[in-house]
1. Rounded to whole Å, give me the distance from the Cα center of the range 1-80 to that of the range 224-255.
2. What's the angle, to the nearest 10 degrees (0 to 90), between helix 189-207's Cα axis and the longest principal axis of the chain?
3. Work out the length of the dipole vector of the chain about its Cα centre, built from +1 on the beta-carbon of each Lys and Arg and -1 on the beta-carbon of each Asp and Glu, and round it to the nearest 20 debye.
4. Semi-axes of the equivalent ellipsoid for the range 77-124, please: Cα gyration tensor eigenvalues, times 5, square-rooted, ordered largest first, whole Å.
5. Restricting to Cα pairs below 8 Å that are 6+ residues apart, what does the relative contact order work out to for the chain? Please round to a whole percent.
6. Computed from the mean reciprocal separation of all distinct C-alpha pairs, what Kirkwood hydrodynamic radius does the range 7-275 have, in Å?
7. Roll a 1.4 angstrom probe over the protein heavy atoms and tell me the percent of accessible area of the range 7-275 that is carbon or sulfur.
8. Can you give me the angle between helix 258-275 and the longest principal axis of the chain, using Cα atoms only, in degrees from 0 to 90, rounded to the nearest 10?
Amino acid sequence: MTARSLAEVAPGVFVAESEIWASNTAVVVDRSGSALIVDPGITTAELDGLVAAIRARGWRVAAGAATHPHWDHVLWHPDLGEVPRFATARAVAVMAGDRGRSWAEAAQAAPGLEEELFGVLAALPDEADELPPPAPSGIAVLRHDAHVPGHLALAVGEALLVGDMLSQREVPLLDVGHAGEDREPPSDPVGDYRAALDLLESSAARRGTRVIVPGHGPVTRGSEAIAVLFARDRAYLDALEREAAGGEPTTDARLADEWVAQQHAAHVARLRALAG
Ligand SMILES: [Zn+2]
């Protein structure tokens, strides 16, 4: 068993990168060694490796958190223990309506996962602005509906764990729904996304955030680089709206990736359908 390597990106905040899609798992550890696992990882080998890394450091898993109800963020390993895996109440509802489709996607992408541990999430009380015990204390919760309803970000000291937002690899991925999903996608996905960027940016400014940990792609450090992330995502949304209205094709270096370009095409199609 190879333990996954964990890089400390801010005091008490450790990140391991997945083999798939440069996905990030974060582990937040307090001084007593009590650990919160955020988006545990994807393949069975990685989940095994995460368990090994936590054991090697002598940490105790106190709780989990899923940033949002997409299959690659709601996995778990039996040896991480039976602890609450927090998510927003809205995320729990979305997961309940999409479990079958979502599990089929997980089982195909990462064979050998345990279905009974898939998407077993504990709803945070709506009024909670921090993760409750048994999670380590002092982890603030931000909620928004960009990308998928019930998305959360976690603020830990100078780090902000943002799930599938603010990626250097992916353009903003709008909530345009999945085929076969038991849910209507929203009527203003760009507006929802802009509102979330505003929320995250004002929170980052207030808290003095210096490190952004996204769900996919490299960690971003320093307030100037963080400002660039926000500006680039807003520029993408502006360009997307212009393109959907018949303007020039969007230019964004992240569209060089074939999968990202497919998501972009789906955004244009959805905005045109909403306008039509
Ligand atoms: Zn996602």
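1. 32
2. 50
3. Using only the charged Cβ atoms, the result is roughly 620 debye.
4. They are 19, 16, 6 Å, listed largest first.
5. Once normalised by length, the contact order is 15 percent.
6. 18.8
7. Reported share for carbon and sulfur atoms: 50 percent.
8. Long axis of 258-275 versus the principal axis of the chain: about 50 degrees.
The values are calculated or read from the model by the stated rules, or taken from the named source; none is laboratory data. Just so it is clear, the structure is predicted and the values come from calculations on it, not from any experiment. Counting neighbours? That spans all protein chains shown, and the Cβs are built from the backbone with ideal geometry, glycine included. Accessible surface areas use protein heavy atoms only, side chains included; no ligands, DNA or RNA. Shrake-Rupley method; radii C 1.70, N 1.55, O 1.52, S 1.80 Å.
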